[in-house]
Amino acid sequence: MNITILSPTTYDETHYEAVCHLMGQLTTRSIVFTAEDYVRLVQSPYSRLFLLLCEGRVGAMLTVGTYLSPTGSKAWIEDVVVDEALRGSGLGRVLVEHAIDYCREEGIGTVYLTSNPKRVAANALYRSVGFVRK
């Protein structure tokens, strides 16, 4: 399986449409995510969108949001979703581990992640890479 992880910084219609498609699999809430929202996200100094390409197609995504506090740099991993057709193939682990490595490389000492308890497989993945339930 040919896997690439990228972090776009400019608008790309194919990537934008893939993110919209994945968001539809992430939540049942109706979220309006415009092309302008996408541009603000990928150009924000406080957010990093990671797209996992599998055989050249976007198969998963997540966002790392960062901030500073008096106790140091911190990050949140948000909106982790693997396309339904690719779930169970280990791509979620690859992407989450990539995000954790990114945080380490950026000198971010604390990484948080929230997940709905109903997402059993996702929560098992997060625990297996070192996240602790609080």
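Between residue 3 and residue 44, 0.36 nm times their residue separation minus their Cα-Cα distance comes to what? Mind showing how you got there, number by number?
On the way: separation 41, 0.36 × 41 = 14.76 nm, distance 2.52 nm.
Here the segment from residue 3 to residue 44 would lengthen by 12.2 nm.
Give the carbon-plus-sulfur fraction of the accessible surface of region 1-129 in %, rounded to a whole number; probe 1.4 Å, heavy atoms of protein chains only.
Working: 3830 of 7540 Å².
Taking all protein chains in place, region 1-129 shows 51 percent carbon and sulfur surface.
Direction-averaged shadow area of the convex hull around the Cα atoms of region 1-77, nm²? Please report the intermediate quantities before stating the final value.
Details: hull surface 24.2 nm².
The orientation-averaged projected area of the Cα hull of region 1-77 comes to 6.1 nm².
Order of 79-89, 115-125, 9-19, 28-38 by packing, highest average Cβ count within 10 Å first?
Top of the packing list down: 79-89, 9-19, 115-125, 28-38.
Could you state the number of Å between the C-alpha centres of region 66-117 and region 1-64?
14
Convert each backbone phi in region 121-134 into a coupling constant with the Karplus relation 6.51 cos²θ - 1.76 cosθ + 1.60 (shift: θ = phi - 60°), then list the ³J(HN,Hα) values in order as whole Hz, x for Gly and Pro.
5, 5, 5, 5, 4, 4, 5, 5, 9, x, 6, 10, 6, 10
Among 65, 92, 107, determine the one that fluctuates most according to a GNM of the chain built with springs between C-alpha atoms less than 10 Å apart.
Fluctuation is largest for 107.
Tell me the mean residue ellipticity at 222 nm calculated for the chain from its helices only (DSSP H runs of n ≥ 4, each -39500 (n - 2.57), averaged over every residue, nearest 500).
Working: 4 runs with 47 residues, N = 134.
Value at 222 nm, helices only, nearest 500: -11000 deg cm²/dmol.
Label region 65-107 by shape, choosing from rounded, prolate and oblate, from the square roots a ≥ b ≥ c of the eigenvalues of the Cα gyration tensor; if a/c is under 1.5 it is rounded, and otherwise prolate applies when a/b is larger than b/c, oblate when it is not.
Numbers: a/c = 5.22, a/b = 2.44, b/c = 2.14.
Prolate.
With an 8 Å Cα cut-off and a minimum separation of 6 or more residues, compute the relative contact order for the chain in percent. If you can, show how the numbers build up before the last one.
Numbers: 185 pairs, mean separation 28.4, N = 134.
Once normalised by length, the contact order is 21 percent.
The values are calculated or read from the model by the stated rules, or taken from the named source; none is laboratory data. For clarity, every value in this text was computed on a predicted model and none was experimentally measured. Reconstructed Cβ throughout: ideal geometry from the backbone, glycine too, with neighbour counts over all protein chains shown. The protein model used for the area step is the full one, side chains on, heavy atoms only, and it has no ligands, DNA or RNA in it. Shrake-Rupley method; radii C 1.70, N 1.55, O 1.52, S 1.80 Å.
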